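The values are calculated or read from the model by the stated rules, or taken from the named source; none is laboratory data. The structure presented is a predicted model; accordingly, all values stated were derived computationally and were not measured. Cβ sites come from the backbone with ideal geometry, for glycine too, and all protein chains shown count toward neighbours. Heads up: the accessible areas ignore ligands, DNA and RNA and are worked out on the full protein's heavy atoms, side chains in. Shrake-Rupley method; radii C 1.70, N 1.55, O 1.52, S 1.80 Å.
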Amino acid sequence: MIYRDIEDRDIEALFDVRVATWHNPHGREELTSMGITPASVRAQLASTHHGYVCEEAGRVVGFAIGNGNTGEMWVIAVLPEYEDRGIGRALMERIERWLLERGNPTAWLTTDPDENYRAVGFYRRLGWEDWKIEDGDRFMRKSL
C-alpha cells in the first residue's frame, strides 16, 4: 500500500471510491446535488482542503480530505474489499496531523446520527467524541 498526497489525476477515482462506499443509492447524482463535483473538489484542494490517497497497484482504494481553514475532517472512504486493513486509520492519522499543522487544535466531522452506523464506531475507536446532533447529522470532534 502506498499513501501519498491527492493529485489532480486522482479526482475521478475519488468519486468512484466515495460512491462505492456510500450508503446512499443515488451516488454521484446526490453528490452533485450537494455541490460536490470534480470541479468543486479540485478547487477546494487547490485552496482550503488537502487530502491523501491509499493506492495499491496504481488503484486508489481509499482517501481522506480535510479542510485546513475550519478543522473539518471532510471525508474519508475506503473500498469495502479493503476495509479492516488499517487504511482508514492511517488516512485519518495523516489528515489529523495535517489539520494540526494548519493550526487546528481541534478537528470536527459530521456523520450519521444512527448509533449503529459503522462509521460512528470507527470514529469513536480513534478517539472522536460526540459533540451534538443537529439538522439530522451527528457532529463529532477530537482534540489533536
Residues whose placed amide H lies under 5 Å from that of Leu144, excluding near-sequence neighbours: Thr106, Ala107
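So, with a 1.4 angstrom probe, what is the percent of accessible area on the chain that is carbon and sulfur? Each step should come with its number before you reach the end.
Working: 3590 of 7660 Å².
Carbon and sulfur together cover 47 percent of it.
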Segment Ala57-Glu29, length gained on full extension (0.36 nm per residue, minus Cα span): 7.2 nm
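Given Cα pairs under 8 Å that are at least 6 residues apart, what percent is the relative contact order of the chain?
Numbers: 224 pairs, mean separation 27.0, N = 144.
So the answer I get is 19 percent.
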Rounded FRET efficiency, nearest 0.05, which uses the C-beta distance separating Ser47 from Phe139 and R0 of 22 Å: 0.40
Accessible surface, per residue, of the chain when the full set of protein chains is kept, probe 1.4 Å, Å²: 53
Residue list for region 85-113, given a label point 7 angstrom along the Cα-to-Cβ vector of Asp130 and an amide N cut-off under 16 Å: 109-113
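Could you compute the net charge surrounding Thr48? Neighbours are other residues with a C-beta less than 11 Å from the C-beta of Thr48; K and R count +1, D and E count -1. The partial results should precede the final answer.
Details: positive: Arg102; negative: Glu72.
Computed value for this residue: 0.
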Distance (nanometres) between label positions extended 7 Å along Cα→Cβ at Ala90 and Asp114: 3.0
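From the P(r) of the chain, could you give the percentage of C-alpha pairs in the tail past 23 Å? Don't skip to the answer; put the middle values down first.
Working: 3244 of 10296 pairs.
Summing the P(r) tail past 23 Å for the chain gives 32 percent.
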